[in-house]
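Chemist: One structure, as structure tokens, below. Some questions next.
The values are calculated or read from the model by the stated rules, or taken from the named source; none is laboratory data. What you see is a predicted model, and the numbers here were worked out from it, not measured in a lab. Every residue, glycine among them, receives a Cβ derived from its backbone with ideal geometry; neighbour counts consider all protein chains shown.
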Amino acid sequence: MPELPEVETIRRRLAPLLEGATIEHAEVVDPRLTRPVDPTLVAGALVGERIVALDRRGKYLLWRLSSGRTLVVHLRMTGSFRHAVDGDLPEDAYRRATIALDTGAAVGYRDVRRFGTWELLDEDHLTPYLDSRLGPEPLVASFTAARLAVLATGRTTPVKAFLLDQRRIAGVGNIYADEALWRARIHPLRPAGALDAEEVARLHRSVRAALRKGIERQGSTLRDYVTPDGDGGAMQHEFHVYGRLGEPCDRCGRPIERIVVGGRGTWFCPHCQPR
Ligand SMILES: [Zn+2]
């Protein structure tokens, strides 16, 4: 599933193409994408809108539109965008929606497993929608170690599950949670509220470092994730623990282990990340 670095990479690639352009034609061919709203209603409402900005919050892409509405896109498992500057998108059996711009460019939305969502929200609904689902952005200046300490206080949940909870911190998923915990040398099963100040400070630095590395490498391509140019990311070549069962730890050389935390596969070094 695309996490913060993958969604941010998509945003950075699409923004120059979308910002300032007006939507001339929109087609949503899969009713699951916009349900319970009729897809023709959403597509119809998009036509004539100018895209003021392409923003991101957590794993959501926010298409801010000239009417004040926002198209809120979540890619879930397998959603991705493809763009064509000349408007000529390649054939794709998994394309669920297409947007044509007045610049002549086109953007296609592809989703094999069809869990992705498109919601068109009014100004009044956007903030409560996001605030009820998302904690702070981990890469903004106001996200300090002290802020993380407050979020973790009293939490008995394993720190791995704490990191995955979008209502605590926005945008961290399975890959970057494991990478951050390895960097911080914290066992994934430690209760979040039991970390001392030094550990919280390390975790804070590590979450940000892992996410920044992911953005720098244009995200991780394991199966479906591609940038809007059709390129893969390169972060998968630099994982320290994720998916590396039995391989030597980059720090101590001992084998990486795998456990399940909160239903999610979790990779860690039992030597560097003691219980
Ligand atoms: Zn190790």
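Chemist: Looking only at residues in region 69-95 that are charged (D, E, K, R) and assigned to a loop (DSSP other than H, G, I, E, B), which one is nearest to the chain's Cα centre (by Cα)?
Modeler: Filtering first and then ranking leaves 76.
Chemist: Take the conditions among the aliphatic types (A, V, I, L, M), at pLDDT 95 or above, more than 23 Å from residue 78 (Cβ to Cβ) and within 16 Å of the ligand (Cβ to nearest atom) and apply them to residue 207. Does it pass?
Modeler: So residue 207 does not fit the description; no.
Chemist: Still on this structure, please answer the following. May I ask you to say which residue of 110, 95 is in contact (Cβ under 8 Å) with a residue 60 or more places away in the chain and of a type outside the set (Val, Ile, Thr)?
Modeler: So the residue among 110, 95 that is in contact (Cβ under 8 Å) with a residue 60 or more places away in the chain and of a type outside the set (Val, Ile, Thr) is 95.
Chemist: Right, next: Among (1) out of contact with any Ser or Thr (no Cβ under 8 Å at 6 or more places or on another chain); (2) of a type in the set (D, E, K, R); (3) touching a residue at least 60 places away in the same chain (Cβ under 8 Å), where does residue 35 come up short?
Modeler: (3)
Chemist: Of the residues in region 233-275, how many are without any contact (Cβ under 8 Å) to a residue 24 or more places away in the chain, part of a loop (DSSP other than H, G, I, E, B) and more than 14 Å from the ligand (Cβ to nearest atom)?
Modeler: Total meeting the criteria: 2.
Chemist: In addition: Look through region 67-83, keep the residues that are aliphatic (A, V, I, L, M) and surrounded by 17 or more Cβ atoms within 10 Å (Cβ to Cβ), and return whichever of them is nearest to residue 1 (Cα to Cα).
Modeler: 75
Chemist: All but one of (1) more than 17 Å from residue 7 (Cβ to Cβ); (2) without any contact (Cβ under 8 Å) to a residue 24 or more places away in the chain hold for residue 64; state the number of the condition that does not hold.
Modeler: Result: residue 64 passes all but (1).
Chemist: Sticking with this one: Only one of these conditions is not met by residue 177: (1) farther than 30 Å from residue 67 by Cα; (2) touching a Gly at 6+ places or on another chain (Cβ under 9 Å). Which number is it?
Modeler: (2)
Chemist: Can you list the strands (runs of 3 or more DSSP E) lying wholly within region 1-68 that have 1 or more residues being in contact with a His (Cβ under 8 Å, 6 or more places away or on another chain) and under 17 Å from residue 115 (Cα atoms)?
Modeler: Passing ranges, in order: 60-65.
Chemist: Is it the case, given these coordinates, that residue 114 is touching a Leu at 6+ places or on another chain (Cβ under 8 Å), of a type in the set (D, E, K, R) and on the phi > 0 side of the Ramachandran plot?
Modeler: It is true that residue 114 is touching a Leu at 6+ places or on another chain (Cβ under 8 Å), of a type in the set (D, E, K, R) and on the phi > 0 side of the Ramachandran plot.
Chemist: Among the residues of region 96-119, write down those that are closer than 20 Å to residue 48 by Cα, among the charged types (D, E, K, R) and part of a loop (DSSP other than H, G, I, E, B).
Modeler: 102
Chemist: Still on this structure, I have one more. List the number of the failed condition for residue 230; all other conditions in (1) part of a loop (DSSP other than H, G, I, E, B); (2) within 14 Å of the ligand (Cβ to nearest atom); (3) in contact with a Lys or Arg (Cβ under 8 Å, 6 or more places away or on another chain) hold.
Modeler: (2)
Chemist: Is at least one residue of region 102-110 surrounded by fewer than 17 Cβ atoms within 10 Å (Cβ to Cβ) and polar (S, T, N, Q)?
Modeler: Yes, region 102-110 contains a residue that is surrounded by fewer than 17 Cβ atoms within 10 Å (Cβ to Cβ) and polar (S, T, N, Q).
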